[in-house]
Amino acid sequence: MLDFGPVQRRQVKLAEYARQRGIDRPHLIQYTNEIIDDMLALLDDIDDSVVTFVPVDPEAYDPYAQDPNMVHAGWTLGHVVAHVTASSEECCAHAATLARGVEVCGRNRYEVPWQEIRTVEQVRQRLEESRRIRLAYLNAWPDKPHYEMTYTPYKSPQNCVVRVLAGLYHEVGHQDQLKEIVRQAKAAQRRGRPSAELA
């Protein structure tokens, strides 16, 4: 899987990171499959209660939460998966537009309601659906992508390659969170934690 350490340490920007490594569409397809496979592997030995388990997360802060009580609440595994897959799908949608030489005119994001993801099978379905959606966007690139076309969602412009990488970077950044949710949930199961503390 990608090592985003230099980007995380602010030693290099994402665009330069991509240039240094010669990242192209086949690489992006490979990395997309790898991150999905990594998340699927987390499901191998958990049950449905882990999906709705609310972890203790002192760093939790969601300023966009519609419910004020959720602003500082820990996210469930289902919530994190819904969030990261939606973000990566948006990035891939933007990238397909840029690769075809078309201007990106704003957000293109839909997030599956995380409250509806309550079983391991639903998490697995969401991940495989996201894989299919993202690979479809990546396969929509022309043979000669318009690398000169950029979109600037934040401070730095992103071309089609960097836009997909931005989604993967964000997704990789949540992997430790997913592992910690699973760890806490399993520890709670061993202690016989009451189900009332689940979402």
*Rounded to a whole number of µm²/s, how large is the Stokes-Einstein D of the chain at 25 °C and 0.890 mPa s, given Rh as the Kirkwood radius over C-alpha pairs?*
138 µm²/s
*asked:* Filter the chain for me: DSSP H helices, axial length by Cα at least 30 angstrom, mean Kyte-Doolittle hydropathy not below -0.5. List them by residue number.
replied: 77-99
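Assuming R0 = 25 Å, what is the FRET efficiency of Asp67 and Arg183, from their Cβ-Cβ distance, to the nearest 0.05? Can you show the working numbers first?
Numbers: r = 26 Å, r/R0 = 1.04.
Efficiency, from the Cβ-Cβ distance: 0.45.
Quote the relative contact order of the chain in percent (integer), defining contacts as alpha-carbon pairs under 8 Å separated by 6+ residues. Please list the in-between numbers first.
On the way: 253 pairs, mean separation 61.4, N = 199.
31 percent.
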*Which value in nm describes the separation of the simple spin-label points at Glu148 and Glu16, placed 7 Å from the Cα toward the beta carbon?*
2.4 nm
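Taking 0.36 nm per intervening residue step and subtracting the Cα-Cα distance, what contour gain separates Glu116 from His27 on full extension? Display every interim value, and only then the final one.
Values: separation 89, 0.36 × 89 = 32.04 nm, distance 3.26 nm.
Gain in length upon complete extension: 28.8 nm.
Where a number appears in this text, it was derived from the coordinates with a stated rule and is not lab data. As the structure is a prediction and not an experimental result, all values here were calculated from the model. With ideal geometry, Cβ positions are generated from the backbone for all residues, glycine too; neighbour counts draw on all protein chains shown.
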